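Nothing in this text is a laboratory measurement; each read-out follows from the coordinates by a stated rule. Small disclaimer: the values here were computed from a predicted structure and weren't measured. Glycine also receives a Cβ, built like all others from the backbone with ideal geometry; neighbour counts cover every protein chain displayed.
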Amino acid sequence: MDKMAQTVQKQALMQTYSRTPVKFVKGKGSYVWDENGEKYLDFTSGIAVCNLGHVPEKVKNKVAGQLDRIWHTSNLFEIGPQEELAEKLAALSAFDRAFFANSGAEANEAAIKLARLDAKKRGKSGPIVTFKHSFHGRTLGTLSATAQEKIQHGFEPLVPGFIYLPFNDIAALRDLAKIKPIAVMFELIQGEGGVIPAEQEWVDALVRACRANDCAIIVDEVQTGMGRTGTLFAYEQYGFEPDIMTLAKGLGSGIPIGAMLAKEKIAQSFTPGTHGSTFGGNPLSATAGLATLETFAEEDIIEHVQKQSIDFWAKLEELKAQFPFIKEIRGKGLMAGLETEMEAATITRVALTEHLLVLTAGPHVVRLLPPLVITEKETALFAKKMQTVFAKANQNDL
């Protein structure tokens, strides 16, 4: 295809992304290849989606088998793989029932609706509290829940019923008694907001305040879930059980799927007609989710993440010691944010020239989301590439 034809194709797309000018045509494990055959080490995992690496064998084979049987029926009928996936997720978590959607934003919309409906059935009304620098999606409802003006700008009037408090601020939690929320919704690591982990003391205080004020706890694990932080779900590391949890990204290993899980006492508020999704949990996506969970069990992925995290963080500390412009390293497991004095976009741009893919999480934070299946050799290669990237980026930033 000539360049003019390619330009016409690009112009046919809504310009909602600032795309890096490279097309990837193949992926396997921790690597992707562009249309020219160039190989890149991928420390983005498609934004925490390809947690098992690109094209994991079991998921590929299970989905391929499902393609020969049936693709879609709608949720007007029983769907075997969906029922199996719900049962497996319930067995692996603190929840009893699941609703399936197609994305994290849809899962969060479902969580918001369920919390509101459950509160109304109990004779309660009030807002949902979320936290500054959060990110819950780009639908009108979830961007209204997202406490970032840059995400909301231009889409006013926003959906009412949300109040924003500062993240990791214990003193601000005293306002919950006055606000009387029906629920709080938060991420245990604010991914888009700069890779900022929730502090244990703050989470403890938040849980106590929620229980004292009879409001539901909704944990958005769209990015932190599916092993990313060293446990299957990040809430397991904080010593509490949410009432509602949302998942997406890594659940399908690249096949679109979202899930909202809830405890029985809240889940029963959803009855026929209260919510729905044409595609959610269809045979293909549910099969991908099942195969993903089976791979986690069969290949001891959580144990592997815990082991590789030690090496990963050791390499990050070495980089920080070598380059003084790295101000702070934050995160858990195989989810890290490097706050630097230079523009993060400069670093990602230089990294691309070194055939390394990394992300930003704000103006000065480089976000790292390697596949959970990375090896020590790949981590060493990453560190070597980053040494070159930081040296070059520092020169460019002067």
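See the values below:
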read-out: Compactness relative to 2.2 N^0.38 Å, alpha carbon Rg of the chain; value: 0.99
read-out: Between the range 199-226 and the range 42-114, the alpha-carbon center distance in angstrom; value: 24 Å
read-out: R0 of 41 Å, Cβ-Cβ distance E57-D169: FRET efficiency to nearest 0.05; value: 0.35
read-out: Packing rank of 90-102, 220-232, 322-334, 71-83, where each peptide gets the mean count of other beta carbons within 10 Å, highest leading; value: 220-232, 90-102, 322-334, 71-83
read-out: Dipole magnitude of the range 57-298 about its Cα centre (Cβ charges: Lys, Arg +1; Asp, Glu -1), debye to nearest 20; value: 620 debye
read-out: Ranked list, fewest to most other Cβ atoms within 10 Å of each Cβ, for S285, S18; value: S18, S285
read-out: Over the chain: helical MRE at 222 nm, DSSP H runs n ≥ 4 each giving -39500 (n - 2.57), nearest 500; value: -12000 deg cm²/dmol
read-out: Peptide ranges 108-116, 247-255 listed from the most packed, as the mean C-beta count within 10 angstrom indicates; value: 247-255, 108-116
read-out: Neighbour net charge for Q66 - beta-carbon separation under 13 angstrom, K R +1, D E -1; value: +2
